[in-house]
Amino acid sequence: MIRAEWFYWLIGAVFLVMAAQMFLDRTNPKRLGTAAFWGLLGVGFVYSTWVVDKSAPSEPLGALVLVMIVLAGFNFTGRGKVSTTTPGQRTASAVRFGSKLFIPALTIPVVAMLCATLVKKIHVGGEPIFQDGSETILGLGVGSLVALAVGMLLLREKKITVPIHAGRNMVEAMGWALLLPQLLAVLGSIFQKTGVGTQVGRITEAVLPSGMIYVSVIVYCLGMALFTIIMGNAFAAFPVMTAAIGWPVLIESGGGDPAVVLAVGMLAGFCGTLCTPMAANYNLVPAALLELKDQYGPIKAQIPTAGALLLCNIAILSLFAF
Amino acid sequence: MIVLLGVAVVIAGFATRRNPLLVVGIAGIATGLLGGLSPREVLASFGEGFASSRSVTIFVITLPVIGLLERYGLQEQARRLISRFARLTTGRFLTLYLGLRQITSALGLTTLGGPAQSVRPLVAPMAEAAAEKKYGPLPEKWREKVRSHSSGADTVGLFFGEDCFLAIGSILLITGFVNTTYNQHLEPLHLALWAIPTAVCAFFIHGARLLRLDRQMARELAAAGATEADKESAK
C-alpha cells in the first residue's frame with residue numbers, strides 16, 4: 001500500500017534539495033537564511049510523520065516552526081537571480097514543440113483523476129493500492145511524477161536538476177506566503193483549544209436581540225465572512241460562529257433546517273476568504289506566482305463578487321431555512 | 001474574555017501591515033498563553049498544527065514539471081494556441097474557465113486547476129493572449145488586471161463548486177463538527193444539495209463581471225490604443 005506519508009517525505013526531500021541549491025546560490029544575498037528556512041520546512045515535513053502517529057514529541061516541531069517564523073518574519077530570506085531561457089528561446093521552443101508542450105501539463109490532472117476514481121478501487125492482496133482517504137493527494141503526487149517523466153522524455157531534457165531549479169525559482173518567488181496557510185491552521189486549533197468560540201458566542205448572545213430571526217441570519221453570515229477575513233480560513237471561523245449563533249439561535253430556537261443553515265453559513269465564510277490576504281494560498285500565492293506588482297490584485301478582482309454572493313447567501317438562508 | 005486579545009493581535013497586525021507570518025505566530029503564542037496553555041503546550045500546538053495541515057502545501061510537487069515546461073515555452077504556446085480562436089475574448093474565455101472549474105470541482109476534481117498547475121502556465125497567458133490579439137501589447141495596468149482575474153476565476157470556481165461535492169473537506173468538516181458536538185446525523189448529501197443555489201449565483205454574478213471586463217477593455221484600450229499608436233510612430 002502506498003501511504004500518504006511517503007508522499008510527504010518526497011515533498012520534504014524536494015524542499016531539502018532546493019535548500020541545498022539555495023545554499024550554493026551566490027547570487028542570493030540572503031542565501032544562508034533562505035536555505036535555512038526551506039531546509040527546516042523540508043525537515044518539518046518528514047518529522048511530522050511521527051508527530052501525526054504520536055510516536056515523537058511535537059514540541060521540537062513547534063520550535064522549528066517558530067524558527068521559520070523568525071527567519072521569514074524578520075526578513076532573513078531572499079531570492080537569487082533567476083536563470084532561465086530567454087523569451088526568444090522560449091518562443092522558438094514553443095514553435096518547435098507546439099501543443100505537445102501541453103501533454104505533460106495535462107498529465108497531472110488526468111493521472112490525479114484516474115487515481116481518485118479508478119485506482120482507488122483496485123486492491124492487491126486485500127489491501128488498497130493507495131492509503132484509504134488519501135487518493136486525491138496521492139493522485140496529485142503520482143500525476144506530478146509521471147508528468148515530470150513524460151516532460152523530460154518529450155523535451156529530451158536529461159538533467160533532473162533543471163526542473164528542480166525551475167521549481168525552486170517559483171518557490172523563492174512565493175517565499176513565506178507558502179507557509180502561512182499551515183500556520184493559520186495552527187492558529188485555528190489554538191483558538192479552538194482556548195475557547196475563543198464560546199467567548200464570541202457569549203458576546204453575540206448579549207448583544208443580539210432575541211426573537212429577530214432575520215437579524216440573526218445576517219449576523220451569522222456577516223460574522224462568518226468577517227471572522228474568515230481575520231483568520232484567513234472559513235474552516236477556522238465555522239466552529240466559532242456556529243457554536244455562537246448558527247446552532248443555538250438559528251437552528252435550536254429558530255427552528256431552521258440544519259442542512260441549509262450550515263451549508264450556506266460555510267459558503268458565507270468563503271465570501272470572506274475571497275477578500276483577505278490572510279487566505280494566502282488563494283490570494284497572495286497566486287499574486288506571487290503570476291508576478292503581479294500589486295499583491296492584492298486577485299483580492300481586488302474578487303471583492304465585488306464576494307459582496308454580491310454574501311447578499312445571495314443571506315437571501316438563500318432567509319428564504320429556505322425557515 | 002482575555003483570550004479574545006489573540007483576535008485583536010491579528011486585527012492590529014493586519015491593520016499595520018506587519019509580516020503575516022509574524023502576526024499569526026505572535027497571536028498564536030499570546031492566545032495560547034492567555035488561554036492557560038503552558039509554554040510547552042503552546043509549542044506542541046504549533047507542532048501538531050503544522051503536521052496535520054501539510055496537505056495545503058503539497059501543490060509544491062507540481063512546480064518542477066511546470067517550471068520545466070515553462071523553460072521550453074509552455075506559456076508562449078498557450079498564447080499561440082488561443083490567438084487562433086478569433087471570437088474568444090478574455091472575458092468569454094475566463095467565463096468558460098469559471099464554468100469548467102465549477103463543474104469539475106463539483107465532481108470532486110478539485111486538483112484539476114489551481115494557481116500553480118493551471119493559472120500561471122495556461123489560463124493567465126491565454127487570457128492575456130485573447131486580449132493582445134485584439135489590442136496589441138497590454139499596458140501594465142491591464143496585464144495585472146487580466147492576470148488577477150485569471151486567478152479570481154480559478155478561486156471563485158473552486159470555492160463555489162467544491163461544496164456541491166460530498167467528500168470535500170468543508171462538507172466533512174461541517175458534518176464532523178455538528179455530529180460530534182450536537183449528536184446529530186447530518187448527511188453530507190443534504191449539505192451538498194444546499195450548496196447548489198449559491199453555486200448558480202456565483203456563476204452568473206462572476207461570469208457577468210468577467211464579460212463586463214471585455215466591455216471595459218474595449219472602452220479603455222480602444223481609446224488608449226490610438227494614442228499608443230501615435231507614440232509608436234513618433235519614435
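Observations, loosely collected:
- Of all the residues in region B:146-162, those that are of a type outside the set (S, T, N, Q) and free of Cβ contacts under 8 Å to residues at least 40 places away in the same chain number 1.
- Considering (1) among the small types (Gly, Ala, Ser); (2) farther than 20 Å from residue A:286 by Cα; (3) open to solvent by less than 50 Å² (accessible area, probe 1.4 Å), the lone condition that residue B:208 does not fulfil carries the number (3).
- Selected residue (criterion: nearest to residue A:285 (Cα to Cα)) from residues of region A:214-228 that are open to solvent by less than 20 Å² (accessible area, probe 1.4 Å) and aliphatic (A, V, I, L, M): A:225
One line per residue, one yes/no per condition, for (1) open to solvent by 50 Å² or more (accessible area, probe 1.4 Å); (2) at pLDDT 85 or above; (3) touching a Lys or Arg at 6+ places or on another chain (Cβ under 9 Å); (4) farther than 19 Å from residue A:6 by Cα:
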| residue | (1), (2), (3), (4) |
| --- | --- |
| A:87 | yes, yes, no, yes |
| A:93 | no, yes, yes, yes |
| A:100 | yes, yes, no, yes |
| A:103 | yes, yes, no, yes |
| A:112 | no, no, no, no |
| A:131 | yes, no, yes, no |
| A:145 | yes, yes, no, no |
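- Verdict on residue B:176 being buried (at least 21 other Cβ atoms within 10 Å of the Cβ) and of a type outside the set (D, E, K, R): no
- Total residues in region B:55-93 satisfying the condition of being part of a helix (DSSP H, G or I), in contact (Cβ under 8 Å) with a residue 60 or more places away in the chain and open to solvent by 20 Å² or more (accessible area, probe 1.4 Å): the figure is 1.
- Flag for residue A:231 being within 8 Å of another protein chain (Cβ to nearest Cβ) and either without any contact (Cβ under 8 Å) to a residue 24 or more places away in the chain or crowded, with 24+ Cβ neighbours inside 10 Å (or both): yes
- Unique match (being farther than 30 Å from residue A:162 by Cα and either within 27 Å of the chain's Cα centre (by Cα) or at pLDDT below 90 (or both)) among B:65, B:56, B:60, B:24: B:24
- If you go through region A:296-322 and keep only what is surrounded by fewer than 18 Cβ atoms within 10 Å (Cβ to Cβ) and either more than 8 Å from chain B (Cβ to nearest Cβ) or at pLDDT below 95 (or both), you end up with A:296, A:303, A:307, A:311, A:315, A:318, A:319, A:320, A:322.
- Counted as qualifying within region A:109-220 are the helices (runs of 4 or more DSSP H) with 3 or more residues that are within 25 Å of the chain's Cα centre (by Cα), namely A:135-155, A:161-174, A:180-193.
- Among (1) surrounded by fewer than 21 Cβ atoms within 10 Å (Cβ to Cβ); (2) under 27 Å from residue A:43 (Cβ atoms); (3) more than 7 Å from chain B (Cβ to nearest Cβ) - the single one residue A:165 does not satisfy: (1)
- Residues of region A:270-290 satisfying the condition of being over 18 Å from residue B:58 (Cα atoms) and within 8 Å of chain B (Cβ to nearest Cβ): A:270, A:273, A:274, A:277, A:278, A:287, A:290
- Every condition in (1) at pLDDT below 90; (2) over 25 Å from residue A:48 (Cβ atoms); (3) of a type in the set (D, E, K, R) is met by residue A:156 except one, and the failing one is (1).
- Residue among B:131, B:124, B:116, B:86 that is more than 17 Å from the chain's Cα centre (by Cα) and closer than 23 Å to residue A:299 by Cβ: B:131
The values are calculated or read from the model by the stated rules, or taken from the named source; none is laboratory data. Here the structure is a predicted model, which is why all the values come from computation and not from measurement. Neighbour counts are summed over all protein chains in view; Cβ atoms, including those assigned to glycine, are modelled from backbone coordinates with ideal geometry. Protein only, heavy atoms only, side chains kept; ligands, DNA and RNA dropped before computing areas. Shrake-Rupley method; radii C 1.70, N 1.55, O 1.52, S 1.80 Å.
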